[in-house]
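**Q** Starting off with a structure, shown below.
Bear in mind these aren't lab numbers, they're just calculated from the coordinates by the rules spelled out. Note that the structure is a prediction, hence the values are computed from the model and not measured. Neighbour counts run over all protein chains shown; Cβ positions are idealised from the backbone, glycine included.
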2 protein chains.
Amino acid sequence: MLKYQQIAIEIDKYIEEKKLQQGDKLPVLETLMLQFEVSKSTIIKALDLLEKKGIIFQVRGSGIFVRRHRMTGYISLLANQGFKKDLEDYQITSDIIDFEVRKPTEEAALNLNIKLDNDVYFVKRVRFINGQTLCLEESFYNKSIIPYLNKEIVSESIFKYISEGLGLKVGFSDIYLHVDKLNEEEAKYLALEKGEPKLCVTTVFHLTNGKPFDFSKVTYNYKQSQFFIQANNYFL
Amino acid sequence: MLKYQQIAIEIDKYIEEKKLQQGDKLPVLETLMLQFEVSKSTIIKALDLLEKKGIIFQVRGSGIFVRRHRMTGYISLLANQGFKKDLEDYQITSDIIDFEVRKPTEEAALNLNIKLDNDVYFVKRVRFINGQTLCLEESFYNKSIIPYLNKEIVSESIFKYISEGLGLKVGFSDIYLHVDKLNEEEAKYLALEKGEPKLCVTTVFHLTNGKPFDFSKVTYNYKQSQFFIQANNYFL
């Protein structure tokens, strides 16, 4: 981890510990430099990272302010992608329905940028949050990037294994959302009724080198589907 | 507009015109400097902006690559917030159901950081995309920030008026999503049946100075609810 990332984490902790609220002002740059004993450029990079993450906002000529959302019970949409730690407060468990090495579907091959005769790990599981069905998940992992998975890994956090076990760096992702009605199979796994609402989230995950490694389709139990996104308006 | 923002737009156009695809490599920094006749620092800032916007990704020691999503028919979730231009390809019209100056609800007051006896503009409208119902929208605008609205403005793009007419700078927003079943009133306005799925998007829009100016609740017709999000993984 680089110095400015460490400092960003420390500032984040400082905000938590001081229980700062939306709009609360942080100390000025010079004070932060002294407080964290780092150079101006390190503080600037740390603040830039915190701004990108939606933790602070900076107003030119006015200061650095805390950004907090007000509604509780919403999970970051980016949370279960190993991006954020919101889900750590909840108990997440998984039932594995299917786990095998197979050939990709056409859609998976297209999105993983591989050929139809390449191998993928296919994982189908139901995830539970505090004992209630959270989602039905179908994922295709490019086996040439993720060479090994086993039942123990896929029953826990696959992303934790990918980053910590394989040392791969998860980069950007393309996320597609749509809402529809549950079909019979989905309803069965989610313990809901056919025809009830569902939120479908399809994601293509890429490594920092731009290679897509995971194509996943997740069908959420609508009763558990409360997500938030912190958006920045980058003018273009 | 600053120089680097202009250059970012030009690079974006270049990607469009050359019909570059996901993973295509852009020229190296030095070539871009010559091509756009600007300094290294301007190119770096322009590329940083394009990366934040999900248009390119940069791989250290390897180059600058185009980021493109593959699925068509999905609208950027940030689109109708004046963030992106995706919706310009569609014909969006509005029917105004209610438009008045009133006192905020408790929820609106809390999220707009105002008092219950402050004035807000309340706008309730049904929006149509290519003639079909897209969403039912209820918005509360802080009248001390948006002092004037009229029926003509609210039947078109309120955000265009806010940025171009009032010269205000739209900053970040907090977005909350959940899925549920339509109630009778929502179903009526969306020309759907009670109990069918709905996607609810609640957003608190802030100016760049951090002041919340718009609290809005949008109920989408699930048949039109196809959204994408381009996510960056900023390690923290």
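**Q** Considering only the label points, 7 Å along Cα→Cβ from Cα, what distances in nm to one decimal separate B:Ser144 from the same position in each other copy, shortest first?
**A** Result for B:Ser144, in nm, nearest copy first: 6.1.
**Q** Then there is this: If N is the number of residues in the protein assembly as shown, what value comes out of its Cα radius of gyration divided by 2.2 N^0.38 Å?
**A** 1.00
**Q** What's the lysine pair count for the stretch A:162-236 at a Cα cut-off below 28 Å, pairs eight or more apart or interchain?
**A** Here the count comes out as 13.
**Q** Here's a follow-up. Between B:Leu116 and A:Lys188, what's the calculated FRET efficiency when r is the beta-carbon distance and R0 is 60 Å? Round to 0.05.
**A** 0.80
**Q** How big is the Kirkwood radius of the stretch B:115-236, worked out from every pair of different alpha carbons and given in Å to one decimal?
**A** Mean inverse Cα-Cα distance, inverted, gives 15.9 Å.
**Q** Over all directions, average the projected area of the Cα convex hull of the stretch A:89-166 and note it in nm².
**A** 5.5 nm²
**Q** Also: In nm to one decimal, list the spacings between the A:Asn118 label point and its equivalents in the other copies, with label points set 7 Å along Cα to Cβ, shortest first.
**A** Between copies, matching label points for A:Asn118 lie 5.3 nm apart.
**Q** Can you give the Rg to Rh ratio for the stretch A:191-236, taking only C-alpha atoms and Rh from Kirkwood?
**A** A ratio of 1.12.
**Q** Ratio of alpha-carbon Rg to the 2.2 N^0.38 Å globular estimate for the stretch B:1-52, to two decimals, please.
**A** 1.05
**Q** Scaled to the compact-protein estimate 2.2 N^0.38 Å, what is the alpha-carbon radius of gyration of chain B, rounded to two decimal places?
**A** Normalised by 2.2 N^0.38 Å, the Cα Rg of chain B equals 1.16.
**Q** Taking the Cα centroid of the stretch A:50-67 and of the stretch B:123-157, what is the distance between the two, rounded to the nearest whole Å?
**A** Their Cα centres are 29 Å away from one another.
**Q** Hey, what did chain A get for relative contact order, percent, Cα under 8 Å, at least 6 apart?
**A** In percent, rounded to a whole number, it is 16.
**Q** Note the distances from A:Glu30 to each other copy's matching label point, with points 7 Å along the Cα-to-beta-carbon direction, in nm, sorted shortest first.
**A** Ordered by distance, the counterparts are at 4.1 nm.
**Q** A follow-up question, please. Strictly over 31 Å apart at the Cα level, which of A:Lys18/A:Lys160; A:Lys19/A:Lys160; B:Lys13/B:Lys143; A:Lys19/A:Lys45 would you flag in this model?
**A** Listed pairs above 31 Å: B:Lys13/B:Lys143.
**Q** In straight Cα distance, which aspartates and glutamates are under 14 Å from A:Lys124, not counting same-chain residues fewer than 8 positions off?
**A** Hits, sequence-local ones excluded: A:Asp95, A:Asp98, A:Glu100, A:Glu137, A:Glu138, A:Glu152, A:Glu156, A:Glu185, A:Glu186, A:Asp214.
**Q** What residue among B:Leu166, B:Val179, B:Tyr220 has its Cα farthest toward the positive end of the dipole of the stretch B:133-236, where the charges are +1 on Lys, Arg and -1 on Asp, Glu, each on the Cβ?
**A** B:Leu166
**Q** Largest first and in whole Å, give the semi-axes of the stretch B:136-193's equivalent ellipsoid, each being the square root of 5 times a Cα gyration tensor eigenvalue.
**A** Largest first, the stretch B:136-193 gives 28, 16, 10 Å.
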